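Peer 1: Okay, handing you the structure first.
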Amino acid sequence: MAVPTGILFDFDYTLADSSDAVVECVRVAFEKMKLPAVPADQVRRTIGLSLPETFRVLSGLDGTDQVEEFRSHFRARSNEIMVDWTRFLPDMPETIRELVRRGFRLGIVSTKYRFRIRETLGRDGLLDLFEVIVGGDDVSNYKPDPDGLLIAARQLSLNVEQLVYVGDSLTDAETAKRAGMLFVGVTTGCTTRDEFAEYQPQTVLERLMDLLDYLACRH
């Protein structure tokens, strides 16, 4: 690929790990709803989905009232622990700062609420490194609908051809495809290199920091 002007990132499992908090929020919600407990590994594989879709996948239920009850319980526990329990990937701060130093314009597009992302970035002094943050509360349709990526592109005043989306899941890959945007996969989540292959990503990286070398080679 040509070197992009801007880089958009997914948040969970791409820049940060909030999996312990998500597992806990699901546990509490299911317990309050008197639903069977779900194995932690199964919950982790839903990270990046919207809360309604997470509930449907994990419970097999899709009643509107049940979805809203799950959302309410999840949010309540999330308000207590999500920011404190979220940790950025070890190489994330250094990688992001170097990308900014090299002149890339950066943004985040995630199903996580924008205020939660901002709070987590602000906690570690990283908020000013991202020009745009589009969360699940900013879109009418969740990923893999491309709304979030297209909103971010407009806010950056860039065409989709000038951007690349970096993400850890097949949902991220599908979202980039629907937006007409190039995609770079990272295996820092639950998706393997082989699983990404069907989407023909520009590359698949084992660490976020590997993005620096990959972009340098595109010059």
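Peer 1: Given contacts defined as C-alpha pairs under 8 Å and at least six residues apart, what's the relative contact order of the chain, whole-number percent?
Peer 2: Values: 369 pairs, mean separation 56.0, N = 219.
Across the chain, relative contact order equals 26 percent.
Peer 1: Also: So for the chain, taking the charge dipole from beta-carbon charges (+1 Lys/Arg, -1 Asp/Glu), which of 79, 33, 185 sits furthest toward the positive end?
Peer 2: My answer, from the dipole projection, is 79.
Peer 1: While we're on this one: Suppose every Lys and Arg Cβ carries +1 and every Asp and Glu Cβ carries -1, with no other charges. What dipole size does segment 129-192 come out with about its Cα centre, to the nearest 20 debye? Intermediate results must be reported in sequence, preceding the final value.
Peer 2: Details: 4 positive and 9 negative charges, 30 e Å.
Computed about the Cα centre, the dipole is about 140 debye.
Peer 1: With a 10 Å radius around each residue's Cβ, average the other Cβ atoms per peptide and rank 47-58, 133-144, highest first. Write down the numbers at each step before the final one.
Peer 2: Numbers: 47-58: 20.8, 133-144: 17.5.
Order by mean packing, descending: 47-58, 133-144.
Peer 1: Mind telling me which of 22, 100, 132 comes out most flexible in a GNM of the chain, alpha-carbon contacts under 10 Å?
Peer 2: Of the options given, 100 has the highest mean-square fluctuation.
Peer 1: Still on this structure, I have one more. Could you give P(r) for segment 141-219, binned at 5 Å from zero, as whole percent values over all Cα-Cα pairs?
Peer 2: Taking every Cα pair in segment 141-219, the percentages come to 3, 17, 26, 23, 21, 9, 2, 0.
Peer 1: Ordered by packing density, taken as the mean number of other Cβ atoms within 10 Å over each peptide's residues, highest first, how do 4-15, 32-43, 145-156, 117-128 rank? Provide the component values of the computation, followed by the final result.
Peer 2: Numbers: 4-15: 23.8, 32-43: 12.8, 145-156: 19.7, 117-128: 15.7.
In decreasing order of mean packing, 4-15, 32-43, 145-156, 117-128 become 4-15, 145-156, 117-128, 32-43.
Peer 1: Report, in deg cm²/dmol and to the nearest 500, the calculated mean residue ellipticity at 222 nm for the chain, where each DSSP H run with n ≥ 4 adds -39500 (n - 2.57) and the sum is divided by the residue count.
Peer 2: Numbers: 10 runs with 101 residues, N = 219.
For the chain, the value works out to -13500 deg cm²/dmol.
Peer 1: Please list, in chain and number order, the residues 5+ apart from residue 17 or on another chain whose amide H is under 5 Å from its amide H, with Hs placed from the backbone.
Peer 2: Those lying under 5 Å, H to H, from residue 17 are 87, 88, 89.
Peer 1: In debye to the nearest 20, how big a dipole does the chain give about its Cα centre with +1 on each Lys and Arg Cβ and -1 on each Asp and Glu Cβ?
Peer 2: Values: 26 positive and 35 negative charges, 62 e Å.
Using Cβ point charges on Lys, Arg, Asp and Glu, the chain gives about 300 debye.
Peer 1: Beta carbons within 10 angstrom, averaged per residue: use that to sort the peptides 168-174, 107-113, highest first.
Peer 2: 107-113, 168-174
Peer 1: If you count only protein heavy atoms with a 1.4 Å probe, what accessible area per residue comes out for the chain, rounded to a whole Å²?
Peer 2: Numbers: 10230 Å² over 219 residues.
Computed with neighbouring chains in place, this is 47 Å² per residue.
Peer 1: I've got another one for you. Listed here are the pairs 143/177; 112/177; 32/143; which of them are more than 22 Å apart at the Cα? If you can, show how the numbers build up before the last one.
Peer 2: Values: 143/177 11 Å; 112/177 20 Å; 32/143 28 Å.
Over 22 Å apart, Cα to Cα: 32/143.
Peer 1: Specify which labelled value, from (1) 1, 6, 12, 14, 14, 13, 12, 11, 8, 5, 2, 1, 0, 0; (2) 1, 8, 17, 22, 23, 18, 9, 2, 0; (3) 1, 7, 16, 20, 21, 16, 10, 6, 2, 1, 0, 0, agrees with P(r) over Cα pairs in 5 Å bins from 0, in percent derived from the coordinates of the model shown.
Peer 2: Among (1) 1, 6, 12, 14, 14, 13, 12, 11, 8, 5, 2, 1, 0, 0; (2) 1, 8, 17, 22, 23, 18, 9, 2, 0; (3) 1, 7, 16, 20, 21, 16, 10, 6, 2, 1, 0, 0, the one calculated here is (3).
Peer 1: Considering only protein heavy atoms and a 1.4 Å probe, what is the carbon-and-sulfur percentage of the accessible area of the chain? Provide the component values of the computation, followed by the final result.
Peer 2: On the way: 4610 of 10230 Å².
Using a 1.4 Å probe with all protein chains present, the chain comes out at 45 percent carbon and sulfur.
Peer 1: Continuing with this model, one more query. Based on alpha-carbon centroids, what's the gap between segment 33-96 and segment 172-191 in Å, whole number please?
Peer 2: Distance between centres, Cα-based: 20 Å.
The values are calculated or read from the model by the stated rules, or taken from the named source; none is laboratory data. Since the model is a prediction, treat every value here as computed from it, not as a measurement. For neighbour counting, all protein chains shown are included, and Cβ atoms are generated from backbone atoms with ideal geometry for every residue, glycine included. These accessible areas exclude ligands, DNA and RNA; they are computed on the full protein's heavy atoms, side chains included. Shrake-Rupley method; radii C 1.70, N 1.55, O 1.52, S 1.80 Å.
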